[in-house]
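The values are calculated or read from the model by the stated rules, or taken from the named source; none is laboratory data. The model shown is predicted, which means the values in this text are computed figures rather than measured ones. When we count neighbours, we look across all protein chains shown, and the Cβ atoms used for this are built from the backbone with ideal geometry, even at glycine.
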């Protein structure tokens with residue numbers, strides 16, 4: 001009499017093949033999610049950079065500090081200071097942090113930093129350039145310049 005069932009070896013091989021395919025799929029999905037997070041962060045930082053460059057141009061024309069968007073970072077703000085020190089920023093000159101109200105006023109209401117994280121802007125008044133920094137970062141990179149070089 002012949003057995004017409006699945007042998008244990010066939011079943012084991014099938015399960016191993018399914019596990020390999022699942023592992024590959026999960027890895028690809030994880031990479032795609034990371035890439036999407038990176039692109040979203042990069043886009044948000046580019047939008048912030050564009051809007052704050054406009055305010056820097058307005059400042060350059062009028063020399064009115066109130067034209068600069070954000071709140072100047074001071075040593076009394078220990079939460080932001082701790083994050084900047086951790087990242088390696090030592091000089092507070094020309095650093096401003098953006099509150100949610102600043103982002104809303106820039107017509108960027110969907111840009112929301114995570115809790116206890118901040119978007120910071122460094123206005124270079126000599127070169128009229130802006131550097132954007134996100135305190136959470138992405139894989140060890142915190143500034144827009146560094147994040148733009150990532151893939």
Query - Among residues of the range 61-75, those that are in contact with a helix residue (DSSP H, G or I) (Cβ under 9 Å, 6 or more places away or on another chain) and over 14 Å from residue 103 (Cα atoms), counted - result: 9
Requested in this report: Go through the range 55-83 and count every residue that is at positive phi and either modelled with pLDDT of 90 or more or in a helix (DSSP H, G or I) (or both).
Outcome: 1
Query raised in the report: Is it true that some residue in the range 83-93 is under 17 Å from the mean Cα position of the chain (by Cα) and under 23 Å from residue 60 (Cα atoms)?
Result: no
Requested in this report: Kindly indicate whether any position in the range 13-35 is at positive phi and either part of a helix (DSSP H, G or I) or surrounded by 14 or more Cβ atoms within 10 Å (Cβ to Cβ) (or both).
Outcome: no
